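Worksheet: the structure to be examined is printed underneath.
The values are calculated or read from the model by the stated rules, or taken from the named source; none is laboratory data. As the structure is a computational prediction, the values presented were derived from the model and not from experiment. Reconstructed Cβ throughout: ideal geometry from the backbone, glycine too, with neighbour counts over all protein chains shown.
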There are 2 protein chains.
Amino acid sequence: MAVYTEVGDADLEELLRAYDLGTILSFKGIAEGVENSNFLLRAETGTYILTLYERRVAEGDLPFFIGLMEHLAERGIRCPLPVHGRDGLALRRVAGRPAALISFLEGMWVRRPQPHHCAAVGQALAEMHQAGRDFPLRRENALSLAGWPPLFEMSRERADEVETGLAAFVDKELAALASAWPIGLPEGVIHADLFPDNVFFLRGKLSGLIDFYFACNDLLAYDLAVCLNAWCFEPDCAFNITKGRAMIRAYANVRRLDAAELEALPILARGAALRFLLTRLYDWLTVPAGALVTPKDPREYLRKLRFHLKVTSAADYGVAA
Amino acid sequence: MAVYTEVGDADLEELLRAYDLGTILSFKGIAEGVENSNFLLRAETGTYILTLYERRVAEGDLPFFIGLMEHLAERGIRCPLPVHGRDGLALRRVAGRPAALISFLEGMWVRRPQPHHCAAVGQALAEMHQAGRDFPLRRENALSLAGWPPLFEMSRERADEVETGLAAFVDKELAALASAWPIGLPEGVIHADLFPDNVFFLRGKLSGLIDFYFACNDLLAYDLAVCLNAWCFEPDCAFNITKGRAMIRAYANVRRLDAAELEALPILARGAALRFLLTRLYDWLTVPAGALVTPKDPREYLRKLRFHLKVTSAADYGVAA
């Protein structure tokens, strides 16, 4: 839920001068995206999303994100396409914030994914990985292995407020992951946050991927591990092997997973679970009392992490290595 | 900024079964309306707003609001039109809340109104008052003269936190208004909250009025007083007589203001200013620390009220009685 920056009449007029949109028919703040302010803009020429990038997005990363969406769209990935202004630029300032106008993607996100949705996501993820291969820019993953210990430091002291023993558990887990993290697996551009609310479906088919603002260079199979966590657990945090199998198989049909990647899947899934546990833990402990937005419960990812600790091989996710 | 209730897949499917909308193309929470949850729904048959009525709207008042929008729309007032389902009903339950699907109104609200906007609003307000004449339902104005003292009781003790002496000032004002409030002026259905964000303009012309959830029966000239406060002051709280004149004249061109109404305008404007001072004061004092939504500053309406205290006749608003 978000609209952090107000867009005034003068800002809108300036925007109109910068693009060939025709008359603006409506302009409404939309309650999606926690990081940025988003507005739905209907104009004579079409429907667009205006995104104002707020403080949590580093301005220096924007050319990577905008360039990636263009790169992927050119290669047939259905994702929002930045619109270029009369000056040729896709990135500008609106109401004092860095901003981009992007094409509107039809479709809705699925609240309760079924196995066929998981398969569609696996396929789209692999297609995205393939399409991103020759993308020339690089962005390190600030929320990977090396980033987790300093991230945890910000919550460490109060972690046991969420569950007794949590601080010690995470310390142990950080050490275990540091020593077991795989090296040499295929790398590339990953989405890094492909949760159900970032995947649109229309008439039962996947219609697009959105929100590339965590995209970065990292292990491709780690991205699949993020998706397994986000899509293949039931609301009671039980892993659904039918969904896992559907997702991994559909992925591998597009981009072959080598034996080392499949073997590393349990440790990657642990890491991916820890990454979301840590950011949710921080948000949980720092949310202002009485805020309208309820932060997501970090314990969901603690339970997923515990599942992965019991996993012995990729077979537990539905596929044999 | 609002989306208080989540609408799940099953809720949406049920909604689809209730209406003839065709395939849903997108569904997004919108960050407008403080009282209710609003969703923009694009379907094959058109674009709609789904409103879920939250706790601050009394369910018993909904037939008045929904009926009023239909009544006004039938008489040519451009306002959202409730859509009837296959069962003939316009009001139903979605995700456990009372809800209505209404037509989407194109246009944008004006952040910095100019005199011609004020004139357009004056005209539209008078047209609405005329169109509402034969509306058969009644709803008392809970936020009029009799409602202000109990409303102030909820903030009284802490009022001086906002400005020293505020509690005593409001007490005196409540007493003065109670003894001077006009009787016998023309009554009817009023909008009661026609602020700039509730009036849409498209290609320079007024394209519609929205948000009828404070509508009620009260003095028609009081509604004009609300608009004078909301539209005709500059950001520094100086009254703009050009705007006032434009609004009142345009109103009177459609519905004649009689001498008693013009004479009462200063006291009505004081009352209207006090009404928004009181609700803003309450919101200001009760907003949770750190909430994402900043409540509106009650002192804006205190300054407007002080202006009206110096007014001697309607001539100070730009028209002679």
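Annotations
- Some residue of the range B:166-188 being surrounded by fewer than 16 Cβ atoms within 10 Å (Cβ to Cβ) and among the β-branched types (Val, Ile, Thr): yes
- Residue pairs meeting the criteria (Cβ under 9 Å; at least 6 apart or on separate chains; first within 14 Å of chain A (Cβ to nearest Cβ), in the range B:202-229; second aromatic (Phe, Trp, Tyr) and part of a loop (DSSP other than H, G, I, E, B)): B:ILE210/B:TRP109; B:ASP211/B:PHE195
- Breaking point among (1) within 16 Å of A:ALA119 (Cβ to Cβ); (2) part of a strand (DSSP E or B); (3) touching a His at 6+ places or on another chain (Cβ under 9 Å), for A:CYS227: (2)
- Which numbered condition A:ALA100 misses (of (1) in contact with a Lys or Arg (Cβ under 8 Å, 6 or more places away or on another chain); (2) within 14 Å of another protein chain (Cβ to nearest Cβ)): (2)
- Residue that is acidic (Asp, Glu) and farther than 30 Å from B:ALA43 by Cβ, where the choices are A:ASP197, A:ASP223: A:ASP223
- The set of residues in the range B:76-97 being under 20 Å from the mean Cα position of the chain (by Cα) and free of Cβ contacts under 8 Å to residues at least 60 places away in the same chain consists of B:GLY76, B:LEU81, B:PRO82.
- Qualifying residues in the range A:27-65 (those that are of a type in the set (Gly, Ala, Ser) and crowded, with 20+ Cβ neighbours inside 10 Å) - the one farthest from the other protein chains (Cβ to nearest Cβ): A:SER37
- Residue check, B:LEU137 within 14 Å of another protein chain (Cβ to nearest Cβ) and either out of contact with any Asp or Glu (no Cβ under 6 Å at 6 or more places or on another chain) or in a strand (DSSP E or B) (or both): no
- Any hit, the range B:9-25, residues being surrounded by 18 or more Cβ atoms within 10 Å (Cβ to Cβ), away from every other protein chain (no Cβ under 14 Å) and within 22 Å of B:ILE210 (Cα to Cα): no
- Taking the range B:13-27 as the range and being within 29 Å of the chain's Cα centre (by Cα) and modelled with pLDDT under 90 as the test, only B:LEU15 passes.
- Selection within the range A:51-85 - charged (D, E, K, R), under 18 Å from A:PRO136 (Cα atoms) and touching a strand residue (DSSP E or B) at 6+ places or on another chain (Cβ under 8 Å): A:GLU70
- Within the range A:232-249, tally of residues that are of a type in the set (Phe, Trp, Tyr) and surrounded by 24 or more Cβ atoms within 10 Å (Cβ to Cβ): 0
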